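Report on the structure given below.
The values are calculated or read from the model by the stated rules, or taken from the named source; none is laboratory data. A quick note: this is a predicted structure, and the numbers were derived from the prediction, not measured. All Cβ positions, even for glycine, are placed from backbone atoms using ideal geometry, and neighbour counts span all protein chains on display.
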Amino acid sequence: MSKRTIQNGVTYTTGKLARRAGVNLQTIRYYERSGLLPPPERNESGYRQYTENALVRIRFIKKAQALGFSLKEIQELLRLRADKNRQCKEVRELVASKVEELTEKIIELQNAQETLQSLLADADDSAPAPECPFLVELEKQAAMAG
């Protein structure tokens, strides 16, 4: 048995880890390929054996994604988490950048919502679909973009 297995006590197969973390098998394998999840040790039969640390890491990744971080940004957060020579200031800068990005997205979404509400208010339910304000406006904007 390896030190890692003895240290944490509990190990998981890929399937059990996926169920516990609420992800699918392909997600775990993708995280391994992309370096987000370190490769696990294998038992005598060659099956992957993940520790509790892997479960915590996957949950960390999922929580960070829920906050709007991309996998590339999460990889940087994980590097910062593991490096005692790096400063909290670097984490703060990443988080501040994400807040700014989300603020811009919120403004874009609010503008989209206002536009859609305005188009809904202008809609004449009895008009033919080709004359529907939403479709007319969308086509007009598409023509201007090209």
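Some notes on this structure:
- Residue count for the range 65-81, restricted to those that are in a helix (DSSP H, G or I) and either farther than 19 Å from Arg33 by Cα or more than 8 Å from the chain's Cα centre (by Cα) (or both): 11
Table: residues versus (1) within 29 Å of Glu100 (Cβ to Cβ); (2) surrounded by fewer than 13 Cβ atoms within 10 Å (Cβ to Cβ).
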{"position": "Thr27", "(1), (2)": "yes, no"}
{"position": "Tyr31", "(1), (2)": "yes, no"}
{"position": "Leu37", "(1), (2)": "yes, no"}
{"position": "Glu41", "(1), (2)": "no, no"}
{"position": "Glu44", "(1), (2)": "no, yes"}
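- Condition met for Ile61 (in a helix (DSSP H, G or I), touching a Leu at 6+ places or on another chain (Cβ under 9 Å) and either over 30 Å from Leu17 (Cβ atoms) or in contact (Cβ under 8 Å) with a residue 24 or more places away in the chain (or both)): yes
- Scanning the range 69-81 for residues that are loosely packed, with under 14 Cβ neighbours inside 10 Å and polar (S, T, N, Q) gives a single hit, Ser70.
- Leu80 vs. criteria in contact with a helix residue (DSSP H, G or I) (Cβ under 9 Å, 6 or more places away or on another chain), more than 24 Å from Arg20 (Cα to Cα) and modelled with pLDDT under 95: no
- Where Ala129 falls short, out of the listed (1) modelled with pLDDT under 95; (2) loosely packed, with under 12 Cβ neighbours inside 10 Å; (3) closer than 22 Å to Ala18 by Cβ: (3)
- For the range 82-112, a residue qualifies if it is of a type in the set (Lys, Arg) and either outside any helix (DSSP H, G or I) or surrounded by 12 or more Cβ atoms within 10 Å (Cβ to Cβ) (or both), and the qualifying residues are Lys84, Arg86, Lys98.
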